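What follows is calculated from the coordinates using simple rules that are stated; it is not laboratory data. Computed from a predicted structure; not experimentally measured. Cβ placement follows ideal geometry from the backbone for every residue including glycine, while neighbour counts extend to all protein chains displayed.
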Amino acid sequence: MELFFKMPSTEARKAMCDASLELGNRVRSNEFKKTAEESIKKITNHEHARVLGSGNAAIMAAMSTMKGSVMIPDQGGWSGFQKIAEFYGLEVVHIPTVMGVIQPETLEEHLKTKSPESLFLTSFAGYMVEQPVKDIYEICEDNGIILVEDASGSVGDPERNLACGDHSHIIVASTGSPKIINLGNGGFISTNNPRIFNDASFILKTLQSSPVTCAGLVEEIKKAPLNLIKTIEACEFLKKKIETVLHPDKRGINIAIPHDDPKKIGQALRSTLKVEGGGMISTCPRYDRMNQPGVCLEIKNLDIQCLKKDNLLEIAGIIANILDNPFNNEYI
């Protein structure tokens, strides 16, 4: 079995190479930027978009417009939410979740008692499980709360539940490696509210991306729906084979497995599930995933060409064997 870390597509790399030859050409640079932003608006269904240097840059731009407290999930979010809020001197309040998933009734209660200005969340909590974004958006809308969705793992959702401007006030995303739009660098922000971009104009200009990244994005964004679909399907397949997996009936782009000895299990998995160019195993507790001991199989990290049935069956067999025999010297 050969596993390969996700790389930008051939088309994206060629576009980036071609654009690099145009560096210094202001007219061409503006064309790359405009085309990239049109591509983002089309896939998010938002009226305004900017390509930036990273996903964190997009979060910084969004948060720069905030004055009140920022609400984030108690787990399964992105650590950058809290760090950037602290950078701006904004109060951070946590909403309790069920293994990363925000419950609508809990959200309503906490919005009334905590009165945040905004809620920042990731489309997939810990990349493990889909957030009920539509329900969350409706509650935020009713309470005058700005919903900011980090859609790094969900751009191109064919069901239009996630990364859809119809039910997110602001969408931010990373296009770094290994994301659904996989360029190795960059990010973007989109919204229907022009005030957001007016208020963040200095940050947007300061943190803008290069025309090379813009050129690559135009090609890579075309592949986002298929990348997402294949990754979700692979996770659904593996969830049926692994008895102890969390959120077995929910969409996600990684697999979370609780275990009392994550260090030992993680070591064993890394020694057997070798990925050329990178890795696919992370350990918990970890805010960005789950707050309990366990391991995560980062299926999102793999090139979709690796996600064939034979490979997935072998991966499932290896995991079952290691979970049954965690102290086998073969894995240490």
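For the chain, what does -39500 (n - 2.57) per DSSP helix run (n ≥ 4), summed and divided by total residues, give at 222 nm, in deg cm²/dmol to the nearest 500?
-12500 deg cm²/dmol
List the lysines whose Cα lies under 19 Å from the Cα of Lys222, skipping any in the same chain that are fewer than 8 positions away.
Within the straight-line limit of under 19 Å, Lys222 reaches these lysines: Lys6, Lys14, Lys33, Lys34, Lys41, Lys42, Lys179, Lys230, Lys300.
Throw me the Rg/Rh for region 31-83, computed over C-alpha atoms with Kirkwood Rh, two decimals.
Here the Rg-to-Rh quotient is 1.05.
List the lysines whose Cα lies under 17 Å from the Cα of Lys264, skipping any in the same chain that are fewer than 8 positions away.
Excluding near neighbours in sequence, the set is Lys274.
In nm, to one decimal, how far is the modelled label at Ser79 from the one at Val92, with both set 7 Å along Cα→Cβ?
Modelled inter-label distance: 1.0 nm.
Which shape class applies to region 19-173: rounded if a/c is under 1.5, otherwise prolate when a/b exceeds b/c and oblate if not, where a ≥ b ≥ c are the square roots of the Cα gyration tensor eigenvalues?
Values: a/c = 2.17, a/b = 1.70, b/c = 1.28.
Prolate shape, in that a/c is at least 1.5 and a/b is the bigger ratio.
For Val93, what is the net charge nearby, where nearby means another residue's Cβ is under 12 Å from its Cβ and Lys, Arg count +1, Asp, Glu -1? Mind showing how you got there, number by number?
On the way: positive: Lys114; negative: Asp74, Glu91, Glu117.
Overall, the nearby charge balance is -2.
In terms of the Cα gyration tensor, with a ≥ b ≥ c the square roots of its eigenvalues, is region 239-332 rounded because a/c is under 1.5, prolate because a/b exceeds b/c, or oblate? Could the numbers behind the result be given before it?
On the way: a/c = 1.32, a/b = 1.06, b/c = 1.24.
Since a/c stays below 1.5, the shape of region 239-332 is classed as rounded.
What does the C-alpha gyration tensor say about the overall shape of the chain? Classify as rounded when a/c is under 1.5, otherwise prolate if a/b is larger than b/c, or oblate.
Working: a/c = 2.03, a/b = 1.23, b/c = 1.65.
Oblate shape, in that a/c is at least 1.5 and b/c is the bigger or equal ratio.
How long, wide and thick is region 208-282, going by the Cα atoms along their three principal axes, in whole angstroms, largest first?
Each principal axis gives a Cα extent; for region 208-282 these are 47, 27, 22 Å.
What lysines could a cross-link reach from Lys112, if we take a straight Cα to Cα line under 20 Å and drop same-chain neighbours fewer than 8 places away?
Excluding near neighbours in sequence, the set is Lys67, Lys134.
Determine the relative contact order of the chain: mean sequence separation of Cα pairs under 8 Å and six or more apart, normalised by residue count, in whole percent. Mind dumping the intermediate values first?
Values: 710 pairs, mean separation 79.6, N = 332.
Across the chain, relative contact order equals 24 percent.
At 7 Å along the Cα-to-beta-carbon direction for both Asp18 and Asp142, put a label point, then send me their distance in nm to one decimal.
My value for the distance between the label points is 5.0 nm.
Please compute the net charge surrounding Phe237, taking Lys and Arg as +1 and Asp and Glu as -1 over other residues with Cβ under 13 Å from its Cβ.
Its environment carries a net charge of +3.
What ranking, highest mean first, results for peptides 272-280, 312-320, 117-125 when packing means the other Cβ atoms within 10 Å averaged over each residue?
Values: 272-280: 15.8, 312-320: 17.6, 117-125: 25.1.
Listed from highest to lowest mean packing, they are 117-125, 312-320, 272-280.
Expressed in nm to one decimal, what extension gain is obtained for the pair Lys241 and Met1 from 0.36 nm per residue of sequence separation less their Cα-Cα distance?
Stretched fully, the Lys241-Met1 segment lengthens by 84.6 nm.
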